[in-house]
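Notes to accompany the following structure.
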Amino acid sequence: MSDTENTQDARKKKAIWRAEHRGIREMDLLMGSFARQHVPDMDDDSLADFEALITVADPDLYNWLLGREDVPGEFRTPVFERLRQHRPEIN
């Protein structure tokens with residue numbers, strides 16, 4: 001495995017962990033399930049978009065996902081739209 005692949009693999013693992021440990025349980029479930037399902041197959045650009053989303057405060061991201069507030073332009077990405085459409089399975 002090359003250094004580039006190791007770096008990308010480490011970024012993906014970190015992104016998944018951060019998505020699962022946000023602080024608000026509902027966001028942990030939503031973001032974590034999305035990350036486990038989609039992050040492993042993301043290219044660099046999509047991963048960068050997701051990494052940007054996981055830096056957003058939970059209340060802001062929650063309101064964007066529910067359509068209560070407008071999504072700032074820099075976050076209106078295909079990854080955000082996939083996240084908005086994501087419905088986690090609850091066991």
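The values are calculated or read from the model by the stated rules, or taken from the named source; none is laboratory data. This is a predicted model, so every value here is computed, not measured. Here the Cβ positions follow ideal geometry from the backbone for every residue, glycine too, while neighbour counts run over all protein chains shown. Accessible surface areas use protein heavy atoms only, side chains included; no ligands, DNA or RNA. Shrake-Rupley method; radii C 1.70, N 1.55, O 1.52, S 1.80 Å.
Here is a list: ARG25, ARG84, ARG11. Which entry is touching a residue at least 40 places away in the same chain (Cβ under 8 Å) and of a type outside the set (A, V, I, L, M)? Steps first, please.
Numbers: ARG25 fails: touching a residue at least 40 places away in the same chain (Cβ under 8 Å); ARG84 fails: touching a residue at least 40 places away in the same chain (Cβ under 8 Å).
Going through ARG25, ARG84, ARG11 in turn, the sole match is ARG11.
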Does ASP9 meet the test of being open to solvent by 40 Å² or more (accessible area, probe 1.4 Å) and either in contact with a strand residue (DSSP E or B) (Cβ under 8 Å, 6 or more places away or on another chain) or under 17 Å from PRO78 (Cα atoms) (or both)?
no
